[in-house]
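**Q** Quick one: the structure is below, questions incoming.
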Amino acid sequence: MARTGRRPGASGTKEAILDAARRAFAEHGYQRATVRGVAELAGVDPALVHHYFGTKQALFVAAVRLPVNPVEQLSAVLADDPERVGERMIGVFLSVWDHSANNSPMLALVRSAMGDEQAAAMLREFITEEVLGRIAEELGSPDARLRATLAGSQLIGLMMARYIIRVEPLASAPAAQLAAAVGPTLQRYLTGDIAAIPAQR
């Protein structure tokens with residue numbers, strides 16, 4: 001039975017929750033893992049998980065040690081001109097990865113996702129549901145989930161080529177150049193026409 005209440009030592013309690021979260025996300029994926037399940041694994045009351053981390057997505061961000069919470073970056077991405085949201089999105093994406101790709105556990109997760117369906121599902125669910133899906137819905141786009149997954153495929157492909165496989169000159173290209181090149185593609189996926197079928201020649 002899970003123990004309730006506060007464990008002695010705040011740092012020890014937080015680390016136990018994070019260890020439990022990593023196990024829960026790895027075993028069940030992002031979508032099916034729950035705060036209650038994490039609390040049971042850690043031997044604490046669910047209220048303590050909320051006390052330290054707030055939401056499930058914040059817990060995930062802490063568990064994989066992302067330098068920033070991408071969900072919190074949504075306000076910056078969605079601010080100002082909606083016709084340039086794709087460029088701002090790729091700018092934030094590259095900024096986060098350029099500063100953390102060498103030591104982020106997220107990179108290990110991406111590597112493992114190449115051959116592990118559980119890791120792939122966890123990464124896919126977090127990106128499409130918590131980040132890209134919210135952006136597409138906030139923009140009022142039709143077919144928001146399809147648009148989110150299309151944008152996600154672009155970002156994940158870029159992540160693999162730039163930070164894992166390190167294809168040149170993509171791997172060393174300036175972030176601003178990539179944002180200008182890839183931004184319009186993300187923009188079309190999020191707000192443009194994705195139903196048009198080119199005429200056959």
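**Q** Which members of segment 19-41 meet the condition of being open to solvent by less than 50 Å² (accessible area, probe 1.4 Å) and closer than 21 Å to A119 by Cβ?
**A** Within segment 19-41, A20, A21, A24, F25, A26, G29, Y30, A33, V35, G37, V38 qualify.
**Q** With respect to R65, is the statement that it is under 16 Å from the mean Cα position of the chain (by Cα) and not in a helix (DSSP H, G or I) true?
**A** So R65 fits the description; yes.
**Q** Might you check whether a residue that is modelled with pLDDT of 75 or more, surrounded by fewer than 20 Cβ atoms within 10 Å (Cβ to Cβ) and touching a Leu at 6+ places or on another chain (Cβ under 8 Å) occurs anywhere in segment 112-119?
**A** no
Yes or no, residue by residue, for (1) at pLDDT 85 or above; (2) open to solvent by less than 30 Å² (accessible area, probe 1.4 Å); (3) over 15 Å from the mean Cα position of the chain (by Cα); (4) of a type outside the set (G, A, S):
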site	(1), (2), (3), (4)
T13	yes, yes, yes, yes
I17	yes, yes, yes, yes
V49	yes, yes, yes, yes
A58	yes, yes, no, no
V61	no, yes, no, yes
V77	no, yes, no, yes
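**Q** Based on this model, can you work out whether R162 counts as open to solvent by 40 Å² or more (accessible area, probe 1.4 Å), charged (D, E, K, R) and part of a helix (DSSP H, G or I)? So that I can check it myself, show each step before the final result.
**A** Values: open to solvent by 40 Å² or more (accessible area, probe 1.4 Å): no; charged (D, E, K, R): yes; part of a helix (DSSP H, G or I): yes.
For R162, the condition - open to solvent by 40 Å² or more (accessible area, probe 1.4 Å), charged (D, E, K, R) and part of a helix (DSSP H, G or I) - is not met.
**Q** I would also like to ask the following. Give the residue, chosen from L155, L132, L123, that is under 16 Å from V64 (Cα atoms) and open to solvent by less than 20 Å² (accessible area, probe 1.4 Å). Before you say what the answer is, go through the steps one by one.
**A** On the way: L155 fails: under 16 Å from V64 (Cα atoms); L132 fails: under 16 Å from V64 (Cα atoms).
None of the others qualify; the one that does is L123.
**Q** Sticking with this structure for a sec: Is it the case that some residue within segment 145-167 is touching a Gly at 6+ places or on another chain (Cβ under 8 Å) and over 21 Å from L123 (Cβ atoms)?
**A** No, there is no match, as no residue in segment 145-167 is touching a Gly at 6+ places or on another chain (Cβ under 8 Å) and over 21 Å from L123 (Cβ atoms).
The values are calculated or read from the model by the stated rules, or taken from the named source; none is laboratory data. All values reported here derive from a predicted model rather than from experimental measurement. Note: ideal-geometry Cβ built from the backbone for every residue, glycine included; neighbour counts use all protein chains shown. The accessibility values were calculated without ligands, DNA or RNA, using every heavy atom of the protein model including side chains. Shrake-Rupley method; radii C 1.70, N 1.55, O 1.52, S 1.80 Å.
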